[in-house]
1. Quickly run through the stretch 1-29 and pick out the residues that are open to solvent by less than 60 Å² (accessible area, probe 1.4 Å) and more than 18 Å from residue 83 (Cα to Cα).
2. Given the criterion at negative phi and open to solvent by less than 20 Å² (accessible area, probe 1.4 Å), identify the matching residue among 104, 113, 45.
3. Of all strands (runs of 3 or more DSSP E) completely enclosed by the stretch 1-106, which ones contain at least 1 residues that are under 22 Å from residue 191 (Cβ atoms)?
4. How many residues, within the stretch 146-201, are of a type in the set (D, E, K, R), in contact (Cβ under 8 Å) with a residue 60 or more places away in the chain and surrounded by fewer than 17 Cβ atoms within 10 Å (Cβ to Cβ)?
5. Output the qualifying pairs, or none if there are none: Cβ atoms under 8 angstrom, residues six or more apart or on different chains, first residue in the stretch 102-131 and of a type in the set (Asp, Glu), second residue open to solvent by 50 Å² or more (accessible area, probe 1.4 Å) and modelled with pLDDT of 75 or more.
6. Are there any helices (runs of 4 or more DSSP H) wholly within the stretch 119-205 with 2 or more residues that are modelled with pLDDT of 85 or more, and if so which?
Amino acid sequence: MISVLIIDDHPIVLDGSKLLFQGVEDIHIETESDPTNVLSQMQNTRFDVFLVDVNMNAKNGIVLAAEIKAFQEDAFVILYTGDDIRSYYPLILEKKIDGVLSKTVSRDKVIQTIRSIVQGDLVLPVDFINFINKKMQNNCEALKLTKKETQLMTMLMDGYTNKMIAEKLNVTQRTVERYLTQLFTLLDVTSRVQAIEVVKEKNLI
């Protein structure tokens, strides 16, 4: 039996994700809507796989993934996101997560991915090789921020909150969280403070 913990702070989405596994006899599902409770839950229950939403209010899914890996070395962590999954390919390459799934993929794809990862198979998106090739090319070049990424970093350095950034860009705070998650992934950091340090150190702005 494969034990899976699904973590998502949207109750409706969480219930929908759980329903994907209805009738699947070899997978046992538990859910958690508060990411800050996960580590304490791990002290009482052992899970094989963690299906983690990326953009959560109480704790970023990437930060949580790192905490899960630190707490349980053999845990399998799969990011489950509505974002463009290509933003998280670097985390697979660095072995910080074991896979990434779009919330738009089929039920069969989700189940197949979980089973394969637990069996020790490498499960990668079809365009992952393109990412590797591009990364190899970029290794020969200096890291550069796009206009949008520069704008975000400038606001972070000026002390803008997520709410202030959302108002400035005329987007939702949820969208800002997604932007920042992708930016942090690019910079290989997990917080605003670290992002600012890297940008200053590498003179990216």
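The values are calculated or read from the model by the stated rules, or taken from the named source; none is laboratory data. For clarity, every value in this text was computed on a predicted model and none was experimentally measured. With ideal geometry, Cβ positions are generated from the backbone for all residues, glycine too; neighbour counts draw on all protein chains shown. Please note that ligands, DNA and RNA were not included when accessible areas were found on the heavy atoms of the full protein model with its side chains. Shrake-Rupley method; radii C 1.70, N 1.55, O 1.52, S 1.80 Å.
1. Within the stretch 1-29, 2, 3, 4, 5, 20, 21, 24, 26, 27, 29 meet the criteria.
2. 113
3. It comes to 2-7, 49-53, 76-81, 99-102.
4. 2
5. So the pair list comes out as 127/86.
6. Of the helices (runs of 4 or more DSSP H) lying wholly inside the stretch 119-205, those with at least 2 residues that are modelled with pLDDT of 85 or more span 147-157, 162-169, 173-187, 192-201.
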